[in-house]
1. Report yes if some residue within the range 30-43 is among the hydroxyl-bearing types (Ser, Thr, Tyr) and at pLDDT 95 or above; otherwise report no.
2. Could you give every pair whose Cβ atoms fall below 8 Å, whose first residue belongs to the range 11-39 and is under 19 Å from Leu74 (Cβ atoms), and whose second residue is modelled with pLDDT under 95 and of a type in the set (Val, Ile, Thr), counting only separations of at least 6 or pairs across chains?
3. Kindly indicate whether Leu19 is under 9 Å from the mean Cα position of the chain (by Cα) and in a helix (DSSP H, G or I).
Amino acid sequence: MPARRTPLPEEVLHRRRVLGQRITDYRRAAGLSQDQLADAIGMERRSIQRYERAERDPRFSDLVRIADAIGVPLADLVR
């Protein structure tokens, strides 16, 4: 995948970090490891790691599956 021509604004990066932390917090509260969450939604653990470390933005469909698997409303993840 080609690199972005312009870097993402700091606000976008901040929100990505907040989302990653929420995924981590809710996953742990649900008592799931990254491996267990990945297995539950049919994804690789590396993807979960990248989301939690704010290295990647999850697709909407991935966010829906993550929210369902950890038992929280999607709005709570992205608020």
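1. Yes: one or more hits.
2. From residues that are under 19 Å from Leu74 (Cβ atoms), the pairs are Leu19/Val78.
3. Yes; evaluated as a whole, the condition is true for this residue.
Conditions tested, residue by residue: (1) touching a Pro at 6+ places or on another chain (Cβ under 6 Å); (2) open to solvent by less than 90 Å² (accessible area, probe 1.4 Å); (3) within 19 Å of Val18 (Cα to Cα).
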position: Gly31; (1), (2), (3): no, yes, no
position: Asp35; (1), (2), (3): no, yes, no
position: Gly42; (1), (2), (3): no, yes, no
position: Ser47; (1), (2), (3): no, yes, yes
position: Tyr51; (1), (2), (3): yes, yes, yes
position: Ala54; (1), (2), (3): no, yes, yes
position: Val64; (1), (2), (3): no, yes, yes
position: Ala67; (1), (2), (3): no, yes, yes
position: Val72; (1), (2), (3): no, yes, yes
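The values are calculated or read from the model by the stated rules, or taken from the named source; none is laboratory data. For clarity, every value in this text was computed on a predicted model and none was experimentally measured. Counting neighbours? That spans all protein chains shown, and the Cβs are built from the backbone with ideal geometry, glycine included. Note: areas computed on protein heavy atoms with side chains; ligands, DNA, RNA excluded. Shrake-Rupley method; radii C 1.70, N 1.55, O 1.52, S 1.80 Å.
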